[in-house]
1. Take the conditions crowded, with 22+ Cβ neighbours inside 10 Å and assigned to a loop (DSSP other than H, G, I, E, B) and apply them to LEU185. Does it pass?
2. Go through the stretch 1-30 and count every residue that is in contact with a strand residue (DSSP E or B) (Cβ under 9 Å, 6 or more places away or on another chain), surrounded by fewer than 21 Cβ atoms within 10 Å (Cβ to Cβ) and more than 20 Å from PRO206 (Cβ to Cβ).
3. Taking only pairs six or more apart or across chains, which ones have beta-carbon atoms under 7 Å, a first residue in the stretch 180-199 that is more than 18 Å from GLY94 (Cα to Cα), and a second residue that is open to solvent by less than 20 Å² (accessible area, probe 1.4 Å) and in a strand (DSSP E or B)?
4. Determine which single condition ALA179 fails, assuming it passes every other condition in (1) open to solvent by less than 30 Å² (accessible area, probe 1.4 Å); (2) of a type in the set (A, V, I, L, M); (3) within 21 Å of THR23 (Cα to Cα).
5. Have a look at ALA202, ALA168, ALA196 and point out the one that is in contact with a Gly (Cβ under 7 Å, 6 or more places away or on another chain) and either closer than 29 Å to ARG25 by Cβ or at pLDDT 95 or above (or both).
6. Conditions first: (1) of a type outside the set (D, E, K, R); (2) surrounded by fewer than 16 Cβ atoms within 10 Å (Cβ to Cβ); (3) under 30 Å from TYR71 (Cα atoms). GLY115 passes all but one, so which condition is the exception?
7. Take the conditions modelled with pLDDT of 95 or more and in contact with a strand residue (DSSP E or B) (Cβ under 9 Å, 6 or more places away or on another chain) and apply them to VAL178. Does it pass?
Amino acid sequence: MTAARDLVLAVHGSAVPEAGATTARLADSVRGLTGAPVAVGHLDHQAPSLPHVLAERPGAVVVPLLLGDGYHRTVDIPAVAGAFDCAVTRGLSGEQAVALALYDRLRDAERAAGGAADAVVVAGAGSSRPGGDDGTLAAVRQLGLLLPVPVTVAYCSASAPAPAEAVALLRARGFRRVAVAAHLLAPGRFTRALAAVPGTWAVAAPIADHARVARLVAARYAEAGARSAEAEYTQAEARSAEAEYTQAEARSAEAEYTQAEAGYAQAGARYAGAEAGYAQAGAEVPLRVACQRETLPL
């Protein structure tokens with residue numbers, strides 16, 4: 001039985017101690033769902049680094065634990081993974097599972113605050129790369145379908161508006177229970193900044209250790225396995241077709257050679273008969289006949 005490929009979670013990393021504990025809970029859940037060896041590689045702030053983890057696990061499946069398709073997802077991680085012959089899956093950007101996890105975390109925060117919010121700000125990390133904020137915008141649209149209140153967007157860095165500005169704008173419009181749904185995976189400086197935004201009714205926790213995220217990561221790993229199996233099958237088919245073609249060529253060549261031998265034998269018999277006829281008649285064998293017989297292949 002083929003051993004399961006290693007699964008490596010590529011995470012941004014944080015200097016906040018709780019971040020590692022949150023990611024570890026996710027890794028435990030994914031390990032239970034997949035049965036695969038699961039490790040965590042960090043892009044910044046924490047050890048072990050992603051290159052160090054992949055160097056010990058060449059050929060692993062790398063799942064980017066990122067909610068956007070910014071620089072890390074599109075450039076950084078593929079470059080590191082390619083050096084160790086690792087497969088990189090899609091990130092988590094735009095998935096419905098992410099929005100549902102946000103919804104659950106928001107409801108938990110509202111219950112702790114004592115009631116439902118009358119407006120919600122979805123706060124993402126923010127990216128200056130084209131398309132880097134698409135995951136947060138998708139979460140805003142999806143959460144807006146689940147909630148009966150206005151849902152707007154904010155970014156903790158690189159993009160605008162900032163969370164404090166978004167909350168202030170909603171309060172200026174008359175909303176008094178403004179909640180913040182953190183479109184973030186693990187605790188860090190962004191979650192601490194969100195907790196300090198003035199005028200918020202509730203601030204939801206990050207989502208990395210939510211069961212829906214674990215199932216999404218497991219699905220990414222399964223997709224990579226399916227693609228690998230399909231590629232191996234395609235390669236096996238190509239090798240089989242090549243072998244069949246080679247065998248057919250060999251059979252064709254053998255048949256042509258047999259036919260040629262038969263033709264040469266018939267020609268040789270004709271020339272030998274001609275020579276015998278000339279001999280019986282007491283005539284000299286014409287030079288043309290003798291030369292043709294001599295030049296027949298052996």
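The values are calculated or read from the model by the stated rules, or taken from the named source; none is laboratory data. Computed from a prediction, not measured in an experiment: that's the story for all the values here. Backbone-built Cβ (ideal geometry, glycine too); neighbour counts: all protein chains shown. These area figures cover heavy atoms from the full protein model, side chains too; ligands, DNA and RNA do not enter into them. Shrake-Rupley method; radii C 1.70, N 1.55, O 1.52, S 1.80 Å.
1. Numbers: crowded, with 22+ Cβ neighbours inside 10 Å: yes; assigned to a loop (DSSP other than H, G, I, E, B): yes.
Yes; evaluated as a whole, the condition is true for this residue.
2. Final tally of qualifying residues: 2.
3. Listed pairs, sorted by first residue: VAL180/VAL121; VAL180/ALA123; THR191/ALA182; LEU194/ALA123; LEU194/VAL180; LEU194/ALA182; VAL197/VAL180; GLY199/VAL178.
4. Status for ALA179: all satisfied but (3).
5. Working: ALA202 fails: in contact with a Gly (Cβ under 7 Å, 6 or more places away or on another chain); ALA196 fails: in contact with a Gly (Cβ under 7 Å, 6 or more places away or on another chain).
Selected residue: ALA168, the only one of ALA202, ALA168, ALA196 that is in contact with a Gly (Cβ under 7 Å, 6 or more places away or on another chain) and either closer than 29 Å to ARG25 by Cβ or at pLDDT 95 or above (or both).
6. Every condition holds for GLY115 apart from (3).
7. Numbers: modelled with pLDDT of 95 or more: yes; in contact with a strand residue (DSSP E or B) (Cβ under 9 Å, 6 or more places away or on another chain): yes.
Spelling it out, VAL178 is indeed modelled with pLDDT of 95 or more and in contact with a strand residue (DSSP E or B) (Cβ under 9 Å, 6 or more places away or on another chain).
Here is a yes/no grid of residues against (1) within 23 Å of the chain's Cα centre (by Cα); (2) among the aliphatic types (A, V, I, L, M); (3) assigned to a helix (DSSP H, G or I):
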residue	(1), (2), (3)
ARG192	no, no, yes
THR200	no, no, no
ALA205	no, yes, no
ARG215	yes, no, yes
GLY225	yes, no, yes
